[in-house]
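Asks: Following this message is one structure expressed as structure tokens.
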Amino acid sequence: MPQNYVPIFLFMGVAFAIPAVTLVLFKLVRPENPHKTKLMPYECGITPLDDARGRYTVRFYIVAILFVVFDVETIFLLPWAVRFRWLGKFGLLEMGIFLGILIVGYIWIWKKGALEWV
Amino acid sequence: MLHLILFSVFAVIAVAGALNLLVQRHPISSALSLIVVMGSLAVEYLLLGAEFVAAIQVIIYAGAIMVLFVFVIMLLNAGVEERTKGSKVALILGFPAMLVGGLLVAWVLLRAPNVGSVNVGAMYGPPKAIGWLLFHDFLLPFEVTSVLVLIAIMGAVVLASPVRSRFSRPQPEPERQALKAAAGTEPAHEETVTARRSS
């Protein structure tokens, strides 16, 4: 079975090789003249006021976790979809129940306003 | 033979990534090491023949869950890990304890009667087989999963949403309103900076 995945491994190899080769190659070619000021974040010439790594709002967390949850839901659709004909009406009913429960949750978060960027 | 070599190589990468995760002191570096661990585990699943699980490992774990981890790190604004005396004690006691624990688990697994070795790639795990198992043999666990996911949705929203009246249009936070009222003569730049800090 894994023989079918040789192209993917080749692809991975190329994907890792390109940045590695470019980094090494450019390290050899470019002039190197490091300075502390060059590493400062650029803010229109003004000295930065505080750390760039500020605290993020919790809304990002809500978006991320809702994404993960519905991602998991979508993953469950795939094994059902490839067996769709074979599972027939019973499979449709099963998936209907599964999605029904989740759609209740979806409507709830919609009404709750969690999908809006406050 | 090639399978075994690939399997061993990615096993070493996974363990190295896990060790790096523990050694790194900045949370973002640890999170990146975790991606390495999850990616190499995906390859291990693939080599064992569990194609669907391998794809999910990449999509869900290395993709979605890592994004969540990074967001949480940014949300907590976690800085560089501090080393105290307690962490030294944990280091001295933890490594032997982990070694003993690992050996114990390996010993129990090898001694267990129903455990045998399986050839690399001998298991099956294409989506069709998973579909058959999921919608036939493990129907109830599958349906219960949806309730579990529902609990996750509700828990996250309840924990993370700001306190406000039910089903109403969201109001701007009182702090920001006060800031806007107080801003008055102050320059606009100052206001945005303080607003960014408070949010």
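Asks: Quick one: what pairs do we get from the range A:32-55, first residue without any contact (Cβ under 8 Å) to a residue 24 or more places away in the chain, second among the aliphatic types (A, V, I, L, M), C-beta under 6 Å, 6+ apart or different chains?
Replies: Cβ pairs passing all conditions: A:Pro41/A:Ala52.
Asks: Now, a different point. Could you tell me whether the range B:90-108 includes any residue that is within 30 Å of A:Phe9 (Cβ to Cβ) and touching a helix residue (DSSP H, G or I) at 6+ places or on another chain (Cβ under 7 Å)? Even if it seems obvious, please write down each step before you answer.
Replies: The first filter runs over the range B:90-108 and keeps only residues within 30 Å of A:Phe9 (Cβ to Cβ), leaving B:102, B:106.
Restricting the remaining residues to those that are touching a helix residue (DSSP H, G or I) at 6+ places or on another chain (Cβ under 7 Å) gives none.
Within the range B:90-108, not a single residue is within 30 Å of A:Phe9 (Cβ to Cβ) and touching a helix residue (DSSP H, G or I) at 6+ places or on another chain (Cβ under 7 Å).
Asks: Here is a list: B:Ala55, B:Ala18, B:Ala50. Which entry is more than 10 Å from chain A (Cβ to nearest Cβ) and over 24 Å from A:Asp51 (Cβ atoms)?
Replies: Every option except B:Ala18 fails the conditions.
Asks: Another one. For the subset of the range A:56-65 comprising residues that are at the interface with chain B (Cβ under 7 Å from one of its Cβ atoms) and of a type outside the set (Val, Ile, Thr), which member is nearest to B:Gly63 (Cα to Cα)?
Replies: Checked the range A:56-65; the qualifying residue nearest to B:Gly63 (Cα to Cα) is A:Ala64.
Asks: Taking interchain pairs and intrachain pairs at least six residues apart, which have beta carbon atoms under 7 angstrom, with the first residue in the range B:66-90 and over 30 Å from A:Val68 (Cα atoms) and the second small (Gly, Ala, Ser)?
Replies: Listed pairs, sorted by first residue: none to list.
Asks: Right, next: Could you please find all residues in the range A:107-118 being part of a helix (DSSP H, G or I) and either small (Gly, Ala, Ser) or in contact (Cβ under 8 Å) with a residue 12 or more places away in the chain (or both)?
Replies: Within the range A:107-118, the first condition is being part of a helix (DSSP H, G or I), and the residues that meet it are A:107-112.
Answer for the range A:107-118, where residues must be part of a helix (DSSP H, G or I) and either small (Gly, Ala, Ser) or in contact (Cβ under 8 Å) with a residue 12 or more places away in the chain (or both): just A:Ile109.
Asks: Moving to a separate point now. Between A:Gly45, A:Gly54, which is small (Gly, Ala, Ser), part of a loop (DSSP other than H, G, I, E, B) and loosely packed, with under 10 Cβ neighbours inside 10 Å?
Replies: Details: A:Gly54 fails: loosely packed, with under 10 Cβ neighbours inside 10 Å.
Result of the check over A:Gly45, A:Gly54: A:Gly45.
Asks: Would you check if A:Ile75 is exposed (fewer than 12 other Cβ atoms within 10 Å of the Cβ), aliphatic (A, V, I, L, M), in a helix (DSSP H, G or I) and modelled with pLDDT of 85 or more?
Replies: Values: exposed (fewer than 12 other Cβ atoms within 10 Å of the Cβ): no; aliphatic (A, V, I, L, M): yes; in a helix (DSSP H, G or I): yes; modelled with pLDDT of 85 or more: yes.
It is false that A:Ile75 is exposed (fewer than 12 other Cβ atoms within 10 Å of the Cβ), aliphatic (A, V, I, L, M), in a helix (DSSP H, G or I) and modelled with pLDDT of 85 or more.
Asks: While we're here: Going through the range B:4-31 one residue at a time, which ones are buried (at least 16 other Cβ atoms within 10 Å of the Cβ) and not small (Gly, Ala, Ser)?
Replies: Across the range B:4-31, the qualifying residues are B:Leu6, B:Phe7, B:Phe10, B:Ile13, B:Asn20, B:Leu21, B:Gln24, B:Pro27.
Asks: Restricted to the range A:66-118, and to residues that are out of contact with any Leu (no Cβ under 9 Å at 6 or more places or on another chain), within 17 Å of B:Val147 (Cβ to Cβ) and of a type in the set (Gly, Ala, Ser), which residue is nearest to the other protein chains (Cβ to nearest Cβ)?
Replies: A:Gly100
Asks: Here are the criteria: (1) in a helix (DSSP H, G or I); (2) away from every other protein chain (no Cβ under 11 Å); (3) loosely packed, with under 10 Cβ neighbours inside 10 Å. Tell me which single one A:Asn4 does not satisfy.
Replies: Going through (1) in a helix (DSSP H, G or I); (2) away from every other protein chain (no Cβ under 11 Å); (3) loosely packed, with under 10 Cβ neighbours inside 10 Å one by one, A:Asn4 breaks only (2).
Asks: Surrounded by fewer than 17 Cβ atoms within 10 Å (Cβ to Cβ) and modelled with pLDDT under 85, is that true of B:Leu48?
Replies: no
The values are calculated or read from the model by the stated rules, or taken from the named source; none is laboratory data. Fair warning: this is a prediction, and the values are worked out from it, not measured in the lab. Don't worry about glycine lacking a Cβ; one is built from the backbone with ideal geometry, like all the others, and counts go over all protein chains shown.
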